[in-house]
Amino acid sequence: MRIIFELLYASLYVSLMQNLIFNGGYGVSEAVRMSAKPRKLIPLAMFMTYFSVTVSAACAALEFIPKFHSSSEFFHIAVFSAVVFAVYILTMAAVQIYGKVQPKTVRRISIAAFNTLVMAVPYINYRSAFTFTESIGAGLGAGLAFLVAVLLINEGLKRLDLNTSVPKCFKGTPALFIYTALLSLGFMGLK
Amino acid sequence: MQNKVGVNATERVKNLRMIRTSAVIRNPLLLEAIGLCPVVAIASSLKSAVFLAVVTALELIVCEVLTSRFLKNVKRYVRVPLYFLVGTLIVYPIMYLVTRFIPSISLEFGVFLPLMAVNSLLALHCERVAVKRTVKDSFLDAVSVSVSYGVVTVLTGFLREIIGSGTLGGKALGLPVSFSAMLTPFGGLLILGFFAAMLKFYIYKKYPQSSPDRAFNTSEVRQSLRGSLRELMNDDFNPYDDGEEPSASSGDADSPLRIRRDISRKPEKEKAEKARNNRKRKQDKEKSQKIKSEQKTKNEMILEELNKSEERTYLDDFSDMLTDLESYKEKEKENENDVKGGGEE
């Protein structure tokens, strides 16, 4: 029961209370760009969740090693980067074994693996001293946060695109940035 | 001599146009929404914005030049982590030095200091430009993008520090109010939104033929995100080429980007054309052979049918003749009988 509570608490905290994209600014480029292409969202969000969960679980597991746990923050950061790199290589190897790798799959996996959102999760876990279960919950929450952010931005973008009273200079990214800023302000209220 | 001067002049014009396109018409931060994360999250003071601009410029220039020089023939799935590796190799020594000698910046950046290694600007510009063009072109692109990114970042940091903290470069300005919300991502995005509108206004006025909207394509925004996973996975996914090259039908048909791409891809184009011609010739040959063989079989069938019909007619004629003959014989016999019967009576 405690494990489920920790998992849910961490994932809800990271996705809603402290949405990593709106409150932290992590992965905001990917979220804004993906909001214009909602059809490509689900597979990318799945890969992102996979990477954030795997990377944060691996990094949290490393903390069980006493020597690593007591090492400096600089060393921690270097190891976390190496873990992301290793998970990416293993995933690509698995995909290649499974079948012929298509360019679109490679693009999806590389964007899902190397972005600030996935990279930030192990650092946040480390700085917040999350337990192993909480780390996995934070990984799940990062994927959920991305999904929530893209869906919210997409809904606004649809309306802004149809709205004829938006001045020509504000069409596109200017209006979208201001709308995302207001969403960010709204999420700050949940903090 | 005159020819050489002319070539140099056209080259200079092309370079200037390319710089204009990379830095203004397709401004990565304001119009393409690339590399937003560090600006939104950490460019909240002038000092941190300048630091961010310098580190990003260094990363981008080194990464693009290295990619253009060494990674053109490397497969994409190996190339992308290498950008991350190069970014890490640049950021980590800086991070170490900053932590040791300027701890205030290290504290201000926090988690974002190592995250600068995965700036989406790196992967996007390396994949879009460095992989396809010469080292010189890549360097020019990297410099122009870095300058435009840096200018926007520094201006954002400058404004955010004044409005959010009431200071400039750490010195108090004595303003009556300060809005601390401007130091959060909300403030960053808000300022970027107004900067983007100003840039668009400038582009519409100064370069009315170019369309800055192409940098952020919203044509697919109303597509449904529902569908089977197989369908969604089969959809093409190419964020690196989105809205980059102007189409032939657009007003930018003679843009330097297009010309340069055409020049750099000329041998590839020729090869592709040759291959296409060969394929077409082969297909034509196969088609004609197929038509010939079909005609041959058709002719044979017709001949067979004709033969059969001829045979049938001979037989029919013969059988008709036989029946005619039999009926004639029968008639004759009847006549003879009649004659005999009449004589007896």
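Where a number appears in this text, it was derived from the coordinates with a stated rule and is not lab data. Note that the structure is a prediction, hence the values are computed from the model and not measured. Positions of Cβ are backbone-derived with ideal geometry, glycine not excepted, and every protein chain shown enters the neighbour counts.
For the reader, a short list of remarks on this structure follows.
- Sorting the segments B:48-58, B:111-121, A:145-155 by their mean number of nearby beta carbons within 10 angstrom, highest to lowest, gives B:111-121, A:145-155, B:48-58.
- Computed across region B:165-218, the Kirkwood radius stands at 13.8 Å (inverse of mean 1/r, all Cα pairs).
- Calculated FRET efficiency for the pair B:Glu305/A:Ile4, C-beta based, R₀ 56 Å, to 0.05: 0.10
- Shielding of A:96-106 by partner chains, average beta-carbon count, 10 Å: 3
- Across region B:170-176, computed HN-Hα scalar couplings (Karplus, 6.51 cos²θ - 1.76 cosθ + 1.60, θ = phi - 60°) run x, 9, 5, 9, x, 6, x Hz from first to last residue, x flagging Gly and Pro.
- Mean partner shielding of peptide B:219-229, defined as the number of other chain Cβ atoms within 10 Å of each residue Cβ, is 5.
- Pairs of Cα atoms farther than 26 Å apart, region B:93-243, %: 49 percent
- Each of the peptides A:181-190, B:164-173 was scored by the mean count of other Cβ atoms within 10 Å over its residues; in descending order, highest first, they stand as A:181-190, B:164-173.
- Length-normalised contact order for chain A - Cα pairs under 8 Å, 6+ apart - percent: 44 percent
- Inter-label distance, A:Lys104 to B:Lys72: 2.9 nm, where each label sits 7 Å from its Cα along the C-beta direction.
- Under 5 Å between amide hydrogens, built in the peptide plane, is the criterion, and for B:Leu168 it picks out B:Leu173 among residues at least 5 positions away or on other chains.
- Per residue of peptide A:148-160, the mean number of Cβ atoms on other chains within 10 Å of the residue Cβ is 1.
- Fraction of alpha-carbon pairs over 12 Å apart in region B:64-112 - percent: 69 percent
- Across region B:41-49, computed HN-Hα scalar couplings (Karplus, 6.51 cos²θ - 1.76 cosθ + 1.60, θ = phi - 60°) run 8, 10, 7, 9, 9, 4, 4, 5, 5 Hz from first to last residue, x flagging Gly and Pro.
- Charge dipole of the protein assembly as shown about the Cα centre (unit charges at C-beta), most positive-ward option of B:Thr99, B:Cys37, B:Pro114: B:Thr99
- Taking a span of 27 Å or more along the helix axis (Cα atoms) and a mean Kyte-Doolittle hydropathy of at least -0.5 as the rule, the DSSP H helices of chain A that qualify are A:41-62, A:73-98, A:132-162.
- Evaluating kT/(6 pi eta Rh) at 20 °C and 1.002 mPa s, with the Kirkwood radius of chain A over Cα pairs in the Stokes-Einstein relation, gives 122 µm² s⁻¹.
- Vicinal HN-Hα couplings computed from phi for region B:319-335 (Karplus, 6.51 cos²θ - 1.76 cosθ + 1.60; Hz; Gly/Pro x): 5, 4, 4, 4, 4, 4, 4, 4, 5, 4, 4, 4, 4, 4, 4, 4, 4
- Entries in A:Lys104/B:Lys14; B:Lys14/B:Lys72; A:Lys104/B:Lys285; A:Lys168/B:Lys14; A:Lys40/A:Lys171; B:Lys47/B:Lys72 that, when Cα-Cα distance is taken, lie over 26 Å: A:Lys104/B:Lys14; A:Lys104/B:Lys285; A:Lys168/B:Lys14; B:Lys47/B:Lys72
- The protein assembly as shown: proportion of alpha-carbon pairs further apart than 31 angstrom, %: 55 percent
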